Amino acid sequence: MRGSLDPLRSPLARGVVAIGVAALSLAPHSGIAHADEPAAPAVSDTGIDKALATPADEPAAPAVSEPSPPAAPAKPPATEHEGRFSFGSYGRVLAATDAEGRPARDTDIVVHGSRLDLDSYVELELRREDRWPALEAESEVTATLAVGSPLFHWDGEFDARVAVRNLYFEERGLGVRGLDAWVGTRYLRGDNFYLLDFWPLDDVNTLGGGVRYTAPTRTRADVHLGFGRPDNPFYRDLADRPAPLGQFGTATIELLDRQRMIGSARLEQTVLFGAGPGGLKLVGYGEGHRVPTGEREATSGALEAVPQETGFVVGAEIGAFSGERDGFLNLFARYASGIAAYGAFASPEGLGLDRSTAGAHELLLAVVGNYELGAFALQAGGYVRSFRNASVGLDFGDVDEGIVIARPQLWLADFAGLAVEGSYQLAQRGVLADLDPEAEASGAVGSSAPVPLAAHVGKLSLMPFLSPAGRGSFKRPLLWLAYTATFRDDGARMLYPIGDQHRARSIDHFFGLAAEWWFGGTSYGGD
């Protein structure tokens, strides 16, 4: 209803309403402003008229007395940090048998073979991540516990093979944006060759620390220094000595107690192709190794000097990636010399005349890629490796080996498919034998001169699978059934001891049921 009689249009009514609105604006529940929010703008008389105006055919709504809502809680000060826990895991479980009902065994003759017959293994990773707004920094504590085979349900032993794979603290962006630092025990790895469970370039276990800088130009630099002391006679030798101060008995001392120091440096540059997701990745890598001198007790009881060991690694990687459906192609080259040519936890064998690892070397070349199109995917690659220990002449420890492997996959549905995996392996070793199985079985050796032994193995696997995560070569979790036939020649059979079933058979059959998963952004395997 319009007109001068409308109470909301009279000057007196407008004055009363204005006073009421002003009173409400001064009420305690509505007059508190948050520190980080702007105050509400003032309302003009014109705005009040518009707010109080009622449509011509509707009466004004009656006033309703309602309790005022509680004030919103104030936001925490900027100096408080934000933190969260997260859990990640990588795991695989395998149950398998051969054609005779025996436990299935690994049939590879190269160091890095197909992962389809790997033992069960799981990693459980817990992380605490914090953000510190006052310093614009972040931190993370990571603990990764690993459990390996055999599992309780296999051997009935109520124990476990447990290892701490990661236990480190890392801060990111403290003082300089893009600069990170960490201290602890950590497994440092680069790009994976998934089909072979293999890291061709950088693969270091260390107890130490490192720093990393990531520049806006997609350049990343990592350096690290760490230590390790494997529990074997090359690094550690115990001896009994008389107890001190005339006490009865003897005490055990660490006569030889030395550790390996490893430093590494990695430089990575990513170059994108225009504005698209594809590009190139270039990596340069190097390591330096040192083990100090010492002395150990010889079998005669006399002390003998143990020389210092040194070594280095140089390597490079060039990779191309499409940025779509995990398409990539990576090439690796790596050369190691001296103590660095041996595994970090190995007790080096085949030493030189000076009882050192000087002269040992390893050359590795590898290529791996993945291609996906529609319901089809193909993973393929291979490597060649040449290793020579420090001893003069050839022996069994000297090896030239290689493998080529391919796994085409076809999804028959979004959650199921069929994969076929084939590989060919070659290993050549220097041996003191005439390669006559009958002479070897009788204990006779026809020649004292080292001769090369060439061994060949072919493997063919059929693998139907279920993929709850959908299509993709690296989608996990994955459930699969696998049948593998292994074909070995006479040279491959001679690599096994006399009486071993693998020496007796030229064809082996493998039947397995397996599962594999990774989730939660684990430190390696699930990122």
### Summary
Surrounding charge for Arg258, neighbours by C-beta under 13 angstrom, Lys/Arg +1, Asp/Glu -1, total -1
## Note on the structure
In order over region 120-131: 3J(HN,Hα) from phi, Karplus 6.51/-1.76/1.60, θ = phi - 60°, whole Hz, x for each Gly or Pro, gives 4, 6, 9, 10, 10, 10, 10, 10, 10, 10, 10, 10
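Calculate, for Glu80 and Ala221, the FRET efficiency according to 1/(1 + (r/R0)^6) with r their C-beta to C-beta distance and R0 45 Å; round to the nearest 0.05. Mind dumping the intermediate values first?
Details: r = 33 Å, r/R0 = 0.73.
The computed FRET efficiency comes out at 0.85.
Given the Cα-Cα distance of Leu363 and Leu282 and 0.36 nm per residue of separation, how much length would full extension add, in nm?
Numbers: separation 81, 0.36 × 81 = 29.16 nm, distance 1.96 nm.
Between Leu363 and Leu282, full extension yields 27.2 nm more.
Stretched out fully, how many nm does the piece from Phe152 to Ala265 gain, at 0.36 nm a residue minus the Cα gap? Walk me through the intermediate numbers first.
Details: separation 113, 0.36 × 113 = 40.68 nm, distance 4.08 nm.
Contour length minus the Cα-Cα distance gives 36.6 nm.
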## Note on the structure
Once Lys and Arg are counted +1 and Asp and Glu -1 for all other residues with Cβ under 13 Å from that of Glu100, the total becomes +1
### Summary
What the Cα atoms of region 85-519 span along the principal axes, largest first and in whole Å, is 70, 63, 46
### Rg/Rg_ref, region 282-370, where Rg_ref = 2.2 N^0.38 Å and atoms are Cα
1.55
### Query
Each residue of region 91-102 in order: what ³J(HN,Hα) in whole Hz does its phi give by Karplus 6.51 cos²θ - 1.76 cosθ + 1.60, θ = phi - 60°, with x for Gly and Pro?
x, 9, 10, 10, 10, 8, 8, 9, 5, 9, x, 7
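For a quick protection proxy, order the peptides 217-227, 294-304 by their average other-Cβ count within 10 Å, most packed first. It would help to have the intermediate numbers written out before the result.
Values: 217-227: 15.4, 294-304: 11.4.
Ranked by mean Cβ neighbours within 10 Å, highest first: 217-227, 294-304.
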### Query
Put a dot 7 Å past each Cα toward the Cβ at Ala134 and Phe376; how far apart are the dots in nm?
6.0 nm
### Query
Full extension from Phe519 to Leu145: what is 0.36 nm times the residue separation minus their Cα-Cα distance, to one decimal in nm?
133.1 nm
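Net charge within 10 Å of His81 by Cβ-Cβ distance, Lys/Arg positive one each and Asp/Glu negative one each, not counting His81 itself? Before the final figure, lay out the partial values.
Numbers: positive: Arg131; negative: Glu80, Glu82, Asp130, Glu138.
Neighbourhood net charge equals -3.
Coordinate-derived values only; no laboratory data. Model, not experiment: these values are computed from the prediction. With ideal geometry, Cβ positions are generated from the backbone for all residues, glycine too; neighbour counts draw on all protein chains shown.
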